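The values are calculated or read from the model by the stated rules, or taken from the named source; none is laboratory data. As the structure is a computational prediction, the values presented were derived from the model and not from experiment. Cβ coordinates were reconstructed from backbone atoms using ideal geometry, including for glycine residues, and neighbour counts include every protein chain displayed.
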């Protein structure tokens, strides 16, 4: 297997080697019908942040206090995140996506933008950070975000480093939103 990018210095070479090694590990799960169904479904549900908008709307309905404020904050933040990540951030990078040879076991929308950073990972971790804000069991949102983000490596639409970069960006954006639009202090 060849490295996914032309390294620009020692850091680029280290990242490429890590991406190749992680892809080889993930390759052991590819072709497993259960793993393929879980990760392809997670990847599809992450398109246009559908999963996260639905989760926010559900949280808005079932949360007694600040429910709709939470839902609106999440949807607005996801809209801004998408515009920023899929616009100026991705245009700064010209990273090619992983090469996939052969048929995929399930249909997926194929993005045309740069591979770095993963928009699925950034939206997933932004959403997890906001959905978990002042809730019990908030860690489950991060687990779900991890599944969606990891799915992009499994389906060979992103390199592992794209996912890590997207996750870090999503967490940072989520923290900015928490500070600019904080919820009241009482946990739900």
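Exactly one residue out of 143, 148 is under 22 Å from residue 39 (Cβ atoms) and touching a residue at least 12 places away in the same chain (Cβ under 8 Å): that is 148. The requirement of being part of a helix (DSSP H, G or I), in contact with a helix residue (DSSP H, G or I) (Cβ under 7 Å, 6 or more places away or on another chain) and modelled with pLDDT under 95 is fulfilled nowhere in the stretch 94-114; no residue meets it.
Tell me, please, whether a residue that is modelled with pLDDT of 95 or more, farther than 29 Å from residue 183 by Cα and more than 20 Å from the chain's Cα centre (by Cα) can be found in the stretch 34-43. Among the residues of the stretch 34-43, at least one is modelled with pLDDT of 95 or more, farther than 29 Å from residue 183 by Cα and more than 20 Å from the chain's Cα centre (by Cα), which makes the answer yes.
Quick check on residue 56: is it touching a helix residue (DSSP H, G or I) at 6+ places or on another chain (Cβ under 6 Å), at pLDDT below 95, more than 19 Å from residue 102 (Cα to Cα) and surrounded by 17 or more Cβ atoms within 10 Å (Cβ to Cβ)? Judged against the criteria, residue 56 is not a match. Restricting attention to the stretch 10-35, the residues being touching a residue at least 60 places away in the same chain (Cβ under 8 Å) and crowded, with 18+ Cβ neighbours inside 10 Å number 3.
Of all residues in the stretch 179-186, at least one satisfies being assigned to a helix (DSSP H, G or I) and surrounded by fewer than 23 Cβ atoms within 10 Å (Cβ to Cβ). Summed over the stretch 37-48, residues that are buried (at least 18 other Cβ atoms within 10 Å of the Cβ) and farther than 16 Å from residue 109 by Cβ total 0.
Got at least one residue in the stretch 132-152 being surrounded by 24 or more Cβ atoms within 10 Å (Cβ to Cβ) and part of a loop (DSSP other than H, G, I, E, B)? There is no residue in the stretch 132-152 that is surrounded by 24 or more Cβ atoms within 10 Å (Cβ to Cβ) and part of a loop (DSSP other than H, G, I, E, B).
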